[in-house]
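Worksheet: one structure, shown below.
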Amino acid sequence: MAQKILVQFDGSNFYNKVKQTDRSIHLTNFNYLAFAQKIAKTKDLKAVYYVGEIRQYEGNRKSERLFNSQQSLFLNLRKQGFEIKLGYLLMSNGKYHEKGVDVQIAVDIVRGAIKNEYDICYLISSDTDLLPAIKTAKEEGKKIIYVAFEDFISRALLKNCSSYIVVKKKDIDESVT
């Protein structure tokens with residue numbers, strides 16, 4: 001029987017790591033599915049993209065531009081068969097902060113482990129807030145594979161996940177469409 005594979009993209013985390021790797025890459029046209037399939041070494045997987053939802057505010061050109069860009073991203077992801085789960089953006093001290101995304105990722109890790117929705121979860125995030133969920137999934141007999149970027153590796157996730165994969169710039173470049 002084939003193993004059930006879940007690939008989770010922490011959208012904001014992924015975006016920032018890719019931009020730190022190569023600022024010229026535009027992720028609205030990125031082949032996320034090919035990237036996920038390369039990492040998981042299978043075409044048979046469930047892919048979920050988690051991100052804070054951008055709202056557009058009338059008269060605010062930046063919010064309109066960012067909203068339109070995110071809608072293009074969502075269209076690209078849906079065409080590739082991704083499920084998109086949204087958190088929200090909260091403004092404090094003049095800056096936006098993503099809220100609810102880590103909790104959704106953690107809930108899906110734990111729920112999926114308990115309900116046997118996956119055997120292996122590839123976690124594309126460096127967020128250590130996910131450690132309790134990772135530990136719970138491993139206690140349920142699931143493998144959690146940390147997908148790290150070569151210049152931005154979390155020691156805590158390396159230590160607590162079942163195993164890890166290090167993504168290099170060429171891996172990103174190969175998925176640019």
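The values are calculated or read from the model by the stated rules, or taken from the named source; none is laboratory data. This structure is a prediction, so every number in the text was calculated from the model and none was measured. Positions of Cβ are backbone-derived with ideal geometry, glycine not excepted, and every protein chain shown enters the neighbour counts.
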Residue check: is ALA34 at pLDDT below 90, among the aliphatic types (A, V, I, L, M) and surrounded by fewer than 16 Cβ atoms within 10 Å (Cβ to Cβ)?
-> no
Can you name the residue in the range 70-95 that is over 22 Å from GLN8 (Cβ atoms) and not hydrophobic (A, V, I, L, M, F, W, C) and is also nearest to the chain's Cα centre (by Cα) among such residues?
-> LYS95
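Per-residue answers, yes or no, for (1) of a type in the set (S, T, N, Q); (2) touching a strand residue (DSSP E or B) at 6+ places or on another chain (Cβ under 6 Å):
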residue: LYS17; (1), (2): no, yes
residue: GLN20; (1), (2): yes, no
residue: ALA36; (1), (2): no, yes
residue: LYS43; (1), (2): no, no
residue: GLU53; (1), (2): no, yes
residue: GLN56; (1), (2): yes, no
residue: LEU90; (1), (2): no, yes
residue: ASN93; (1), (2): yes, no
residue: VAL103; (1), (2): no, no
Hey, can you tell me all the residues within the range 67-82 that are surrounded by 16 or more Cβ atoms within 10 Å (Cβ to Cβ) and closer than 23 Å to VAL107 by Cα?
-> PHE74, LEU77, PHE82
Give the range 10-24 a look and list any residue that's in contact with a helix residue (DSSP H, G or I) (Cβ under 7 Å, 6 or more places away or on another chain) and either within 28 Å of GLY141 (Cα to Cα) or buried (at least 22 other Cβ atoms within 10 Å of the Cβ) (or both), or say none.
-> ASP10
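For every residue, the table says whether it meets (1) within 15 Å of the chain's Cα centre (by Cα); (2) surrounded by fewer than 21 Cβ atoms within 10 Å (Cβ to Cβ).
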{"residue": "PRO132", "(1), (2)": "no, yes"}
{"residue": "ALA137", "(1), (2)": "no, no"}
{"residue": "LYS143", "(1), (2)": "no, yes"}
{"residue": "PHE149", "(1), (2)": "yes, no"}
{"residue": "CYS161", "(1), (2)": "no, no"}
{"residue": "ILE165", "(1), (2)": "yes, yes"}
{"residue": "LYS170", "(1), (2)": "no, yes"}
{"residue": "GLU174", "(1), (2)": "no, yes"}
Just give me the residues in the range 7-26 being under 10 Å from ILE172 (Cα atoms) and under 13 Å from the mean Cα position of the chain (by Cα), in sequence order.
-> VAL18
Determine whether GLU64 is touching a residue at least 12 places away in the same chain (Cβ under 8 Å), surrounded by fewer than 16 Cβ atoms within 10 Å (Cβ to Cβ) and either of a type in the set (D, E, K, R) or farther than 21 Å from LYS19 by Cα (or both).
-> no
Single condition LEU157 does not satisfy, out of (1) surrounded by 13 or more Cβ atoms within 10 Å (Cβ to Cβ); (2) at pLDDT below 95 = (2)
